[in-house]
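Notes follow once the structure below has been shown.
Each value in this text was obtained by applying a stated rule to the coordinates, not by laboratory testing. Note that the coordinates shown come from a computational prediction; the quantities given were computed from them, not determined experimentally. Every residue, glycine as well, gets a Cβ built from its backbone with ideal geometry; the counts of neighbours run over all protein chains shown.
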Amino acid sequence: MNAHPPMPGSGQAGGSRVPAGGIDCDIHPAVPSIKALLPYLSDHWRDMVEQRGVHELDSVAYPNNAPLTARPDWRPASGKAGTSLEMLRTQALDGFGTSLAICNCLYGVQLFFSEDMAAGFARAVNDWMAREWLDREPRLRASIVISPQSPEAAVEEIERCAADRRFVQVLMLAMDEMPLGRRRYWPIYEAAERHGLPVGIHAGGAYKHPVTPVGWPNYYTEDYAAQALAFQQTLTSLICEGVFAKFPALKVVMIESGFTWLPAHLWRLGKYWKGLRMEIPWVDRPPVEIVREHVRFTLQPVDGPPHPEQLERLIDHMRSDELLLFSTDYPHWQFDGDAALPEGLSPDLVRKIMVDNPRATYARLTETVQ
């Protein structure tokens, strides 16, 4: 993110304009307030919210007033960024010539300790998304928000929402109560694979444990930077616990994970896998091959070097042109103007990132939704 406010219409240094027709794999419509969900909650949970005074659930990743949470030109005059469909149309869809965009709602149902309440809120968020956004804008698709506190309830919600073909993914957070490869979560992956839905793992956490391996930090900057470590551990867990061996058709999308850490991390993981593979015999091929087949990464935030030749070399180290998916991360402040693509990408790679890779990852994007 730039340290200084952008000039109107200017692109971030090192960025390039986006050609029209791309598929944005990560935008963030926001629940305006808990009151907006009341019509979508069951009578029981609506009464519970009103009687207990349940507070807002905005704390999974982005504090509302942090500069990173929304670009100055994407903030409304009042209220939370991302709550206006008209602004989203103008800024995120028309602004980038987007053909389709996947909505990832970060309203923190994962924060509840009550499994039942979490499931009730997940259902309400998904119904709110369908009625208030998908019904009103044909270019939008969405991820199914689930409550991983109860895998059984999460599977029920996947089954319920999967019938609506506008839901194209299952959404989880990178930092949950335990590493995401653990068998506790396998029913979720089974349901996702059965319905042809990728599992999107987004930056953020349930905050049931410290966000760093050595305890709680003092500052949000530390929390935000630690997300990359969480994604590295999550990827390692999915591979080593055997998720992709058990579910060979499953796709996982790392959302807002960054990607420059990937080559070094896979080199290190592959090195130790060679020496320790007797412990995990179901990992029967190098981790880098598993990642190329099963895992994708959204583009923004681009955490690469500012010089095009260095970024090109880094992407070459990933040894695949199929791993990256275009995203703007709207309304979060990852770039200025319309410079959502870093400079130095070839036209062929731009086409892969913006259209071909998303369509290959999300089978439902190729369908005509009535």
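Things to note:
- Single unsatisfied condition, residue 132 versus (1) part of a helix (DSSP H, G or I); (2) buried (at least 19 other Cβ atoms within 10 Å of the Cβ): (2)
- One residue from 316, 284, 321 being free of Cβ contacts under 8 Å to residues at least 12 places away in the same chain and either surrounded by fewer than 16 Cβ atoms within 10 Å (Cβ to Cβ) or farther than 30 Å from residue 86 by Cβ (or both): 316
- Filtered residue count, the stretch 193-210, keeping only those that are surrounded by 15 or more Cβ atoms within 10 Å (Cβ to Cβ) and under 23 Å from residue 299 (Cα atoms): 9
- One residue alone among 249, 264, 245 is loosely packed, with under 13 Cβ neighbours inside 10 Å, in a helix (DSSP H, G or I), among the small types (Gly, Ala, Ser) and out of contact with any strand residue (DSSP E or B) (no Cβ under 9 Å at 6 or more places or on another chain), and that residue is 264.
- Count of the stretch 83-111 residues which are touching a Leu at 6+ places or on another chain (Cβ under 7 Å) and among the small types (Gly, Ala, Ser): 2
- Count of residues meeting criterion [in a loop (DSSP other than H, G, I, E, B) and either farther than 16 Å from residue 90 by Cα or under 20 Å from the mean Cα position of the chain (by Cα) (or both)] in the stretch 327-338: 8
- Set side by side, the residues 364, 268, 296, 292 differ, and just one is closer than 25 Å to residue 68 by Cβ and basic (Lys, Arg), which is 296.
- Within the stretch 50-98, the set of residues being under 19 Å from the mean Cα position of the chain (by Cα), assigned to a loop (DSSP other than H, G, I, E, B), surrounded by 15 or more Cβ atoms within 10 Å (Cβ to Cβ) and not basic (Lys, Arg) comprises 57, 58, 59, 60, 61, 62, 70, 81, 82, 83, 98.
- Within the stretch 206-226, being within 19 Å of the chain's Cα centre (by Cα) and either farther than 24 Å from residue 113 by Cα or without any contact (Cβ under 8 Å) to a residue 60 or more places away in the chain (or both) holds for 211, 223, 225, 226.
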